[in-house]
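The values are calculated or read from the model by the stated rules, or taken from the named source; none is laboratory data. These numbers were taken from a predicted model, which means no experiment stands behind them. Neighbour counts run over all protein chains shown; Cβ positions are idealised from the backbone, glycine included.
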Amino acid sequence: MSILKESARQKFHEVIFEADTFWGKFFDVVLIISIIASVLVVMLESVSELNAIYGKYFKTIEWVFTIVFTVEYIARIISLRKPLNYVKSFYGVIDLLSILPTFLSLLFVGAHALIVMRVMRLLRIFRVLKLVRFFSEATRLFSALQSSLPKITVFLLSVICILLIVGTAMYIIEGRENGFTSIPKSIYWAIVTMTTVGYGDIAPSTVLGQTLASLIMILGYGIIAVPTGIVTSEINLNKHKEITTQACPVCSMEGHDADAAFCKYCGGKL
């Protein structure tokens, strides 16, 4: 009985998480069409003219899709040996957030509009259409961003310190009479200036203030390039490897090397 149960679980997992078989691809294609349709219904419902005529139909269709996605979410959990790993994963969180808004709308008016988050689930299209090359590049980019996080964090902290110093300096130099009425507002000016947005709602009037503003503008152009350089460097450090679309039957994680025999996240056998 246990062998039969495990066999059924594997078959379930193959259909739900894999796109290498006919039924696996069929399941994902139907899922993607359903996601697009459900998001379209929510968008149409926001049009007052259409909602006045077809409002009750939109509500019914919305609940049908929510029930379908809820069953699908439960099925994904059941098909895994370690479902908690899927629940905490990126796709697991997105899948959960795609069904919660409809239930929350019973308690909070307008919460159902958050259903448009279902469009995030269309990221699965990379697996369905077997766009392995793009999936591989996306995996490399995500890995590079993870590796860059400590460096970018230090960089952002440095930028914040500069903004605090410059904002405080401008408050002292320009004063309230020139629009710099507080340190927070002066820091706001520094952020707008350094990011080269330049709303123009506050501008320095003194020579010293204008000189400092010029330095911040020039510094802003240099700072924009730093995060790009950090991420690019990490991407170049990551060796290009062939990535498969196979999902781990234990934790559902994807992005494994084509020659991998075990999951690099949980160690489960692929």
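Some points to look at:
- Considering residues of the range 224-246 that are in a loop (DSSP other than H, G, I, E, B) and touching a Lys or Arg at 6+ places or on another chain (Cβ under 8 Å) only, the residue modelled with the lowest pLDDT: H240
- One residue from F65, F27 being surrounded by 19 or more Cβ atoms within 10 Å (Cβ to Cβ), free of Cβ contacts under 8 Å to residues at least 24 places away in the same chain, part of a helix (DSSP H, G or I) and among the aromatic types (F, W, Y): F27
- Residue within the range 105-117 that is over 16 Å from V39 (Cβ atoms), assigned to a helix (DSSP H, G or I), at pLDDT below 80 and in contact with a Lys or Arg (Cβ under 9 Å, 6 or more places away or on another chain) present: no
- Failed condition for L80, given (1) in contact with a His (Cβ under 9 Å, 6 or more places away or on another chain); (2) touching a residue at least 24 places away in the same chain (Cβ under 8 Å); (3) over 15 Å from S252 (Cβ atoms): (3)
- Filtered by the rule that a residue be closer than 21 Å to V119 by Cβ and either of a type in the set (V, I, T) or exposed (fewer than 12 other Cβ atoms within 10 Å of the Cβ) (or both), the range 47-59 gives a lone residue, V47.
- Pairs with Cβ under 9 Å, 6+ apart, first in the range 37-52 and under 15 Å from M120 (Cα atoms) and assigned by TED's automatic domain parsing to the domain that holds S98, second assigned to a helix (DSSP H, G or I) and polar (S, T, N, Q): S38/T66
- Failed item, numbered, when T70 is tested on (1) within 18 Å of R121 (Cβ to Cβ); (2) touching a helix residue (DSSP H, G or I) at 6+ places or on another chain (Cβ under 8 Å); (3) buried (at least 16 other Cβ atoms within 10 Å of the Cβ); (4) not aromatic (F, W, Y): (2)
- If the condition is being at pLDDT below 85 and closer than 21 Å to V250 by Cβ, then the range 24-41 contributes G24, D28.
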